[in-house]
Amino acid sequence: MKTILTGIRANSELTLGNYLGALLPMVRLANKHSSEYQVNIFVPDLHSIISEIDGNLQENTIKTIKYYLAAGLKINDNVHIYRQSYVPAHSELCWILNCIATMGETSRMIQYKEKSKGQESSNVGIFDYPILMAADILLYDATYIPLGEDQFQHIELTRNLAMRFNNRFGEIFTIPAKTADQVKFMGVTDGIRIRDLLNPEKKMSKSTKAENSKIMLSDEPERAAKKIMSATTDSLGKVKFDMFNQPGISNLLQIEALVNDIPLQDVVSAWAGETSYGKLKEKVAKSVLEMLTDFQEKSSNILDEEVLHLLKMGEVYANTVANEKLLEVQKAFGLR
Ligand code: ATP
Ligand code: MG
C-alpha cells in the first residue's frame, strides 16, 4: 500500500484561507483514498519550534486535530494521526540525512532564504528543517505529500537525498513522486488562494495584523459575517470572476463556492448580470456564518480525550513503522 503524508503546523489559530486552501482539500483527499492508501496526518511540532508560537503548542495541537475531524476526516485502520516529537525516529533520521546532504543544496532552498531574510542571526533549525522534512517523508516510504507550491523544492531535495542514499546503500527508501505527479494526484490545477478581505491583491494570511483582513476559524460567526460585509470590492458595478481586475468580488465568489462545495462556475453564472454588490455580500456573509456555526459546533463537541486516544494509537503505529525504517538505515551506516 502506498502512503500519503501530510501535516499542518499548529503555531497559531487557522484562517478561513488555511481551511479552504489546505485543511479541507486534504481531508477530502484522505477520505477519497483511505481505502487504498495509508494516510499519515501528523502535527509537525518540531517544525513549529523554529519560529514563534502563539499560545500553547499542545493545546493548539489538539485543536488542529479537532479541526481535521470537524472538517469531516473519516478515521479507519489506514488513517494515522500523530505528533512528530512523539516519534523520536524523525530527529534521528534527520541527523543521519544531515550527513549525506550538502551545504550547497541545502543553502539553495528558497524558503530558507526567505525565512532568514532580514534576520540578523536566524536559528539553525530554519536552515535544517527541509532535512527534517525529508526524514518525515522517508521514514514512512511516503509517495504523495500534498503541499503548497512553496514546498515543492523540498520534495525535490527529499527525492535527491533518497536517491543518493539508495545508490550508496541499496533500495532502502521509496522515492516520493515527482512534484508534477504530486500535483496530478492532488487533482488541482491552480492552488486555491483566498484573498485578504481588505487588500484583495494579497492572500489572506494568519500573520497579517489587521483583524478585518482575515477570518479566523474561531471568530464569532456574526463577527465573521461583518468582516465579509466590510470586505473591499471595487467600483466597476458588475459581478464577474476576474482576479486581476476585480480581486475582491472574485474572492467573494470563490469563498461562496468553496464554503458551499459547489463549482465556482455555477456560482459565477448564478450572479452574472448583478450590478450591486450588497446582495452578493449578504449571501456570502450568510454562507460563512452558517459554515462557521456548524464547524465550531462540530469541533467543540469533540472531546480532548477522543483526540488523545487517536494520537496514542497513531503514535504506536508511527513508532513501529518509523523504527523499522530507522534500523535499516542505522545498519546501512554501520551504526547497528
Ligand atoms: P503565515 O502568515 O504565518 O505564513 P499562512 O496563513 O500563510 O500563515 P501557512 O502556515 O503559511 O499559513 O500555510 C498553511 C497552509 O495553508 C499551507 O498549505 C498554505 O498553502 C495554505 N494557505 C495559507 N494561506 C492560504 C490562503 N490565503 N488561501 C489558501 N490556502 C492558504
Ligand atoms: Mg504562509
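Values quoted throughout were computed directly from the atomic coordinates according to the rules given, and no laboratory measurement underlies them. Model, not experiment: these values are computed from the prediction. When we count neighbours, we look across all protein chains shown, and the Cβ atoms used for this are built from the backbone with ideal geometry, even at glycine.
Sequence-ordered 3J(HN,Hα) estimates for region 116-131 from the Karplus curve with 6.51, -1.76 and 1.60 and θ = phi - 60° stand at 9, 4, x, 8, 5, 9, 8, 6, 5, x, 5, 6, 8, 4, x, 6 Hz, glycine and proline given as x.
Using only helices, what value at 222 nm comes out for the chain when you add -39,500 (n - 2.57) per DSSP H run of length 4 or more and divide by the total residues, to the nearest 500 deg cm²/dmol? Before the final figure, lay out the partial values.
On the way: 14 runs with 175 residues, N = 336.
Rounded to the nearest 500, it is -16500 deg cm²/dmol.
In nm, what is the difference between 0.36 nm times the number of residues separating Phe333 and Ser300 and their Cα-Cα distance?
Details: separation 33, 0.36 × 33 = 11.88 nm, distance 4.76 nm.
Using 0.36 nm per residue and subtracting the Cα-Cα distance, I get 7.1 nm.
In a reduced charge model with +1 at each Lys and Arg Cβ and -1 at each Asp and Glu Cβ, the chain shows a dipole moment near 580 debye about its Cα centre.
Dividing the alpha-carbon Rg of region 15-142 by 2.2 N^0.38 Å yields what?
Working: Rg = 16.2 Å, N = 128, 2.2 N^0.38 = 13.9 Å.
Here the Cα radius of gyration is 1.16 times the empirical estimate.
Fully extending the segment from Lys279 to Asp181, taken as 0.36 nm per residue of separation minus the present Cα-Cα distance, adds 31.2 nm.
Which length gain, in nm to one decimal place, applies between Glu156 and Glu201 when the Cα-Cα distance is subtracted from 0.36 nm times their residue separation?
On the way: separation 45, 0.36 × 45 = 16.20 nm, distance 2.98 nm.
So the chain would gain 13.2 nm between Glu156 and Glu201.
Could you give the size of the charge dipole of region 105-186 about its Cα centre, using +1 on the Cβ of each K and R and -1 on the Cβ of each D and E, expressed in debye and rounded to the nearest 20? Walk me through the intermediate numbers first.
Values: 9 positive and 11 negative charges, 39 e Å.
My answer is approximately 180 debye.
A simple spin-label model places the labels of Asp77 and Glu114 4.1 nm from each other, with each point 7 Å out along Cα-to-Cβ. Taking θ as phi - 60° and the Karplus parameters 6.51, -1.76 and 1.60, the scalar couplings of region 29-40 work out to 5, 4, 4, 5, 10, 6, 8, 10, 10, 7, 10, 9 Hz in sequence order, x denoting glycine and proline. Rounded to the nearest Å, what's the spacing between the alpha carbon centres of region 243-312 and region 1-68? Just the number, please. Centre-to-centre (Cα) distance: 20 Å.
With unit charges on the beta carbons (Lys and Arg positive, Asp and Glu negative) and the dipole taken about the Cα centre of the chain, which residue among Phe42, Leu326, Gln182 sits farthest to the positive side? Sorting the options by dipole projection puts first Gln182.
Peptide packing: for 196-202, 214-220, 300-306, the average count of neighbouring Cβ atoms within 10 Å per residue gives the ranking 214-220, 196-202, 300-306, highest mean first.
With +1 on the Cβ of every Lys and Arg and -1 on the Cβ of every Asp and Glu, and nothing else charged, how large is the dipole of region 211-299 about its Cα centre, in debye rounded to the nearest 20? Show your work: numbers first, answer last.
Details: 11 positive and 14 negative charges, 52 e Å.
Value, rounded to 20: 260 debye.
Each of Thr102 and Arg28 was given a label point 7 Å from its Cα along the Cα-to-Cβ line. The distance between the two points is 4.2 nm.
In this label model, Gln265 and Asp234 are separated by 2.3 nm, measuring between points 7 Å along each Cα→Cβ vector. Considering only DSSP beta bridges whose two residues both sit in the chain, what percent are antiparallel, to the nearest 5? Taking every DSSP beta bridge within the chain, about 15 percent pair in antiparallel fashion.
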